[in-house]
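The values are calculated or read from the model by the stated rules, or taken from the named source; none is laboratory data. These numbers come from a predicted model, not from an experiment. Cβ placement follows ideal geometry from the backbone for every residue including glycine, while neighbour counts extend to all protein chains displayed. When the accessible area is computed, the model is the full protein with side chains, heavy atoms only, and any ligands, DNA or RNA have been set aside. Shrake-Rupley method; radii C 1.70, N 1.55, O 1.52, S 1.80 Å.
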Amino acid sequence: MTKADIVNEVAKSTGIEKIAVQTVVEAFMESVKASLAKGQPVYLRGFGSFIIKHRAQKAARNITKKTTITIPAHDIPAFKPAKVFATEVKGK
């Protein structure tokens, strides 16, 4: 499902114009990105959490050149579904 599909589904189920729904979806995504950029997780009860995971420094190998490189520690965004959400998806 794409962002356009989400906008269409919400507009169809609520009766709100697509342009208004698209604005809300875009604003939601920007809010989540801004919060994660500040290091603050986003919790949506019954849906899940957008969190930041820390990846430690590690060594990796380039097999073709037979060299070892170091990948520095870094943070990545992640999504952790709520138990209710995960159970619903597993059941299908």
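When region 1-36 is examined, which residues are found to be closer than 13 Å to Pro77 by Cβ and open to solvent by less than 90 Å² (accessible area, probe 1.4 Å)?
Met29, Val32, Ala34, Ser35, Leu36
Can you tell me which condition Gly48 does not meet? The list is (1) at negative phi; (2) modelled with pLDDT of 95 or more; (3) not hydrophobic (A, V, I, L, M, F, W, C), and all the others hold.
(1)
Quick check: is even one residue across region 42-49 open to solvent by 100 Å² or more (accessible area, probe 1.4 Å), within 19 Å of Pro81 (Cβ to Cβ) and assigned to a strand (DSSP E or B)? Give the derivation first.
So the first thing to find is which residues in region 42-49 are open to solvent by 100 Å² or more (accessible area, probe 1.4 Å), and the list is 43, 45.
Then keep just the ones that are within 19 Å of Pro81 (Cβ to Cβ); that gives 43, 45.
Cutting the leftovers down to assigned to a strand (DSSP E or B) gives us 43.
Scanning region 42-49, I find at least one residue that is open to solvent by 100 Å² or more (accessible area, probe 1.4 Å), within 19 Å of Pro81 (Cβ to Cβ) and assigned to a strand (DSSP E or B), so the answer is yes.
Here is a check on your reading of the model: is Ala60 open to solvent by less than 80 Å² (accessible area, probe 1.4 Å), over 26 Å from Lys83 (Cβ atoms) and in contact (Cβ under 8 Å) with a residue 12 or more places away in the chain?
No: the conditions fail for Ala60.
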